[in-house]
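Trainee: Mind looking over this structure? Questions follow.
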Amino acid sequence: MAKTSTTTQGLRAAIERSGYYPALVAEAVEAAVGGEPIRSYLVHQETTFDQNEVRRHVTVLVLTGNRFIVSHTDEQAADTTSPTPYATTSTESVKLSRISSIVVSRVVANPESYTPGTLPREIVLTIGWGAVSRIDLEPAACGDPNCEADHGYTGSSTADDLSLRVSEAGDGPETVRQALTFAQALSEATADPTR
């Protein structure tokens, strides 16, 4: 990544602010981005509770001129494979032309008095590019409540490669704003007819 770019510096600062193994996360993201200029980014840290343990997870999304990059980093407790705690980090690089759907679900309080430009209380950003699909099946039925025939199954297939929830209460208004900015930049980039 070009060190002179203000967007690159902003990404690095956001990774460092997350406080979650910033050297490890930044190195993985920088290796995936390479020399491409960064158009937009989002850094999201999530803390979960797993039985008696607190686990942290950070997701970094980066938009370049040609690619959408996803980085995930998780920490793991010592186990049978490692006598000390460890972290795993992965990156995936997706050509913008492969992105098939971008869904932004907004939760807004008091919708009857909503003022345009007001931040939503939370958003869920779902991005699909065909790497992961979820199939939900259920027994099919007909309209006859007394019918006992086997009508097979019915269901739906959903592209669900990435789903990220950001809330004002949990992540702060600036993270919600950054998520909306990133979603808009990604949507505009994938709408470009030259891709």
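The values are calculated or read from the model by the stated rules, or taken from the named source; none is laboratory data. Just so we're clear, the structure is a prediction, and the values are computed from it rather than from any experiment. Here Cβ is always computed from backbone atoms with ideal geometry, including for glycine, and neighbour counts include all displayed protein chains. Just the protein is used for accessible areas: all its heavy atoms, side chains included, with ligands, DNA and RNA removed. Shrake-Rupley method; radii C 1.70, N 1.55, O 1.52, S 1.80 Å.
Trainee: Which of the residues belonging to region 9-23 are in a helix (DSSP H, G or I) and touching a strand residue (DSSP E or B) at 6+ places or on another chain (Cβ under 6 Å)?
Mentor: 11, 14, 15, 18 - these are the residues of region 9-23 that are in a helix (DSSP H, G or I) and touching a strand residue (DSSP E or B) at 6+ places or on another chain (Cβ under 6 Å).
Trainee: Within the set of pairs 6+ apart or on separate chains, which have a first residue in region 179-191 that is within 13 Å of residue 125 (Cβ to Cβ), a second that is among the charged types (D, E, K, R), and C-beta atoms under 8 Å apart?
Mentor: Note: pairs meeting the criteria are 185/39.
Trainee: Within the set of pairs 6 or more residues apart or between chains, which connect a residue that is over 18 Å from residue 179 (Cβ atoms) inside region 112-125 to a residue that is in a loop (DSSP other than H, G, I, E, B) with Cβ atoms less than 8 Å apart?
Mentor: 114/108
Trainee: I'd like the full set of residues that are closer than 25 Å to residue 95 by Cβ and open to solvent by 10 Å² or more (accessible area, probe 1.4 Å), limited to region 21-35. Can you show your working first?
Mentor: Within region 21-35, the subset closer than 25 Å to residue 95 by Cβ is 25-35.
27, 28, 30, 31, 32, 34, 35 - these are the residues of region 21-35 that are closer than 25 Å to residue 95 by Cβ and open to solvent by 10 Å² or more (accessible area, probe 1.4 Å).
Trainee: Which count do you get for residues in region 70-112 that are closer than 19 Å to residue 59 by Cβ and over 20 Å from the mean Cα position of the chain (by Cα)?
Mentor: Going through region 70-112 one residue at a time, the tally reaches 2.
Trainee: Within region 86-129, how many residues turn out to be in contact with a helix residue (DSSP H, G or I) (Cβ under 7 Å, 6 or more places away or on another chain) and assigned to a loop (DSSP other than H, G, I, E, B)?
Mentor: Residues flagged as in contact with a helix residue (DSSP H, G or I) (Cβ under 7 Å, 6 or more places away or on another chain) and assigned to a loop (DSSP other than H, G, I, E, B) within region 86-129 amount to 5.
Trainee: Now a separate question. So, in region 60-79, exactly how many residues are in contact (Cβ under 8 Å) with a residue 24 or more places away in the chain, under 14 Å from residue 127 (Cβ atoms) and open to solvent by 10 Å² or more (accessible area, probe 1.4 Å)?
Mentor: The number of residues fulfilling the criteria is 1.
Trainee: So, of the residues in region 36-59 that are assigned to a strand (DSSP E or B) and acidic (Asp, Glu), which turns out to be surrounded by the fewest Cβ atoms within 10 Å (Cβ to Cβ)?
Mentor: Here the residue is 50.
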